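We did not get these values from a lab; they are worked out from the coordinates using the rules stated. Remember, predicted model here, so these are calculated numbers, not experimental data. Note that each Cβ is placed from the backbone with ideal geometry, even for glycine, and that neighbours are counted across all protein chains shown.
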Amino acid sequence: MDYYRRYIGDYRRDTATLTLLEHAAYTLLLDEYYAQDGVLPLPPSQLCILCRANSKIERDTVLQIAQRFL
């Protein structure tokens with residue numbers, strides 16, 4: 001899928017408490033999810049690679065967002 005609708009009100013409601021880093025991780029995971037027609041790799045290490053999460057805090061954030069929203 002090359003395009004998906006993003007409803008700003010829904011996004012804001014569901015992510016109001018996220019930090020900037022958490023928003024970045026969530027957005028990258030959403031983009032990949034829709035680009036792959038609703039499929040994300042299951043191994044956490046693959047999610048971190050998709051989000052270009054290199055530091056421990058970045059990897060921890062990706063995993064936290066994946067647990068919360070996936």
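Quick notes
- Single condition Tyr4 does not satisfy, out of (1) part of a helix (DSSP H, G or I); (2) of a type in the set (Ser, Thr, Tyr); (3) exposed (fewer than 14 other Cβ atoms within 10 Å of the Cβ): (1)
- The criterion of at least 2 residues that are touching a residue at least 24 places away in the same chain (Cβ under 8 Å) and under 18 Å from Arg6 (Cβ atoms) is met by the following helices (runs of 4 or more DSSP H) wholly inside the stretch 16-70: 20-35, 56-69.
- Condition check for Asp31: charged (D, E, K, R) and under 13 Å from the mean Cα position of the chain (by Cα): yes
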